[in-house]
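Since every read-out is calculated from the coordinates, none of them should be taken as a lab result. Just so you know, these numbers come straight off a predicted model, no measurement behind them. Note: ideal-geometry Cβ built from the backbone for every residue, glycine included; neighbour counts use all protein chains shown.
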Amino acid sequence: MTRFDVILVVVLLGVSLCVTPVASAVSSRGHAESVTVVGPQGSTTVPLEEPRRLVVKGLRGDVVVVLDGHGVRVAESDCPDQVCVRTGLIASPGATIVCIPNGVSVTVGGDDHEAADVIVR
């Protein structure tokens, strides 16, 4: 290991130690309070902390949305690629799951007034 390698490792370590707290502060979101489910037949908003199972009639079939008190996820869907199901649990205000073939979206609401417009995974 050369002197340059040691300097590079120290600099990278220093940068990562400085960036981690900033990234944590930026990514910390407000408190999630509700879930809004929008489908072809309308929308409904329910409290997030109450565990429940919602069946939404989509354009191609049923979409099963599960709230477990910690977050919300799409458990089942009659869509071909299952992207909405593979998204998994969401819990941050502004986080959204969309099932495009069924025309159903699930959005977490809360007290974060500056939530991101888009979350990409």
Rounded, prolate or oblate: which fits region 70-109, taking a ≥ b ≥ c as square roots of the Cα gyration tensor eigenvalues, rounded meaning a/c under 1.5, else prolate when a/b beats b/c? prolate
Using amide H atoms built in the peptide plane, which far-off residues or other-chain residues are under 5 Å from V35 H to H? V46, L48, G109
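Mind pulling the per residue volume of the convex hull built on the Cα atoms of region 32-110? Å³ is fine. Kindly include the intermediate steps, with their values, before the conclusion.
On the way: hull volume 5.2 nm³, N = 79.
Measuring per residue, one finds 66 Å³ for the Cα hull of region 32-110.
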Amide H contacts under 5 Å for D62, restricted to residues at least 5 apart in sequence or on another chain and with H modeled in the peptide plane, are D78
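Cut-off is 10 Å between beta-carbons; in what order do L54, L8, L48 appear when sorted fewest neighbours first? Each step should come with its number before you reach the end.
Values: L54 17, L8 12, L48 22.
Sorted ascending by nearby Cβ count, the order is L8, L54, L48.
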